[in-house]
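A short write-up of the structure that comes next.
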Amino acid sequence: MALRRDPYVLVVGGSDSSGGAGIARDIETISSIGVRTCLAVTALTVQTHEAVMEIHHSQPSLVADQMRAALQANEVAAIKIGMLATAEIIVAVAGVLRENPQVPAILDPVLASTSGRALLEAGAIAVMKRNLIPLCRLVTPNLIELALLVGSELAVDEDSAVWQGQESLNAGAQALLIKGGHASGPRSTDILVRSDHEPVRFDTPRLPTSMRGTGCMLASAIAANMAKASPLEDGVREGKLFVFETLKENAAA
């Protein structure tokens, strides 16, 4: 019974057989912050660090049932959502979120792998925008994902990224953390945008290293900190610091 009272993050996402991203990276990150995890697996993939060879989708009802069972079994204090794969799975996940509005959800809108393989079927972005994003406490798109979500060209500077973020807020998002990893320059700046708030920038040096799964790490770190009752802005700041320190260690290795 003692384990049931510990805060959990429910991770909803796809597996990565290489261990570099997906639920493997989520569990590693959340555990490092001292929070337990439970799972709803949306897809099984066959991949290395270089390429995705196969994707096998879970049945939407199975994903929803996994989520409900995890929520029943544990004290879930936050939900981290990653790869969703299909429009039908998006609708199923949204249905469970509507049943549990007290649990904050953080969505990393995984649209493609690092190697460029599509991880969300064509046409599902509209379903994500309509059915899921308005239910999430925070959405964490990179610049490419943000442009696809708002149907615009890639942002060329911070002002245009903030404008695209505001467009997403106008379409129903509660808050976005716009990740600056795909930008250029000596600094990596993530920008938190919310209605009725000025944008908040989280700035770190851009490290001379690359690592798969950093988007998974950041959303998972934020979810873990929110499960520990950190306010949104503090959770984002602590999550950004966690990813920076991990990348710095990776660069020094």
- [ ] Residue by residue through the stretch 144-184, note down the ones that are hydrophobic (A, V, I, L, M, F, W, C), open to solvent by 60 Å² or more (accessible area, probe 1.4 Å) and assigned to a helix (DSSP H, G or I).
- [x] Ile144, Leu148, Trp163
TODO: Assess whether Asn100 counts as being in contact with a strand residue (DSSP E or B) (Cβ under 6 Å, 6 or more places away or on another chain) and more than 15 Å from Ala43 (Cα to Cα).
DONE: no
TODO: Return yes or no: is Leu241 under 23 Å from Gly34 (Cβ atoms), in a helix (DSSP H, G or I), hydrophobic (A, V, I, L, M, F, W, C) and at pLDDT below 85?
DONE: no
TODO: Output the residues belonging to the stretch 51-61 that are touching a helix residue (DSSP H, G or I) at 6+ places or on another chain (Cβ under 9 Å) and surrounded by 15 or more Cβ atoms within 10 Å (Cβ to Cβ).
DONE: His57, Ser58, Pro60
- [ ] Considering only the stretch 74-86, state which residues are open to solvent by 20 Å² or more (accessible area, probe 1.4 Å) and over 20 Å from Met217 (Cα atoms).
- [x] Asn74, Glu75
Task: Residue among Val91, Val103 that is in contact with a helix residue (DSSP H, G or I) (Cβ under 9 Å, 6 or more places away or on another chain), open to solvent by 60 Å² or more (accessible area, probe 1.4 Å) and farther than 28 Å from Ser18 by Cβ - done: Val91
- [ ] Answer yes if at least one residue in the stretch 195-215 is of a type in the set (A, V, I, L, M), under 27 Å from Leu120 (Cβ atoms), surrounded by 14 or more Cβ atoms within 10 Å (Cβ to Cβ) and at pLDDT 95 or above, and no otherwise.
- [x] no
Task: Residue in the stretch 175-188 that is at pLDDT below 95 and closer than 18 Å to Ile133 by Cβ present - done: yes
TODO: Taking the residues in the stretch 121-135 that are more than 15 Å from Met83 (Cβ to Cβ) and not β-branched (Val, Ile, Thr) as candidates, determine which candidate is most open to solvent (accessible area, probe 1.4 Å).
DONE: Arg130
Open item on the list: Out of Thr37, Thr42, Thr29, I need the residue that is under 19 Å from the mean Cα position of the chain (by Cα), buried (at least 21 other Cβ atoms within 10 Å of the Cβ) and more than 19 Å from Thr214 (Cα to Cα). Which one?
Closed with: Thr42
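The values are calculated or read from the model by the stated rules, or taken from the named source; none is laboratory data. Note that the structure is predicted; figures quoted are calculated from it, not measured. Please note: Cβ atoms are built from the backbone with ideal geometry, for glycine as well, and neighbour counts cover all protein chains shown. Just the protein is used for accessible areas: all its heavy atoms, side chains included, with ligands, DNA and RNA removed. Shrake-Rupley method; radii C 1.70, N 1.55, O 1.52, S 1.80 Å.
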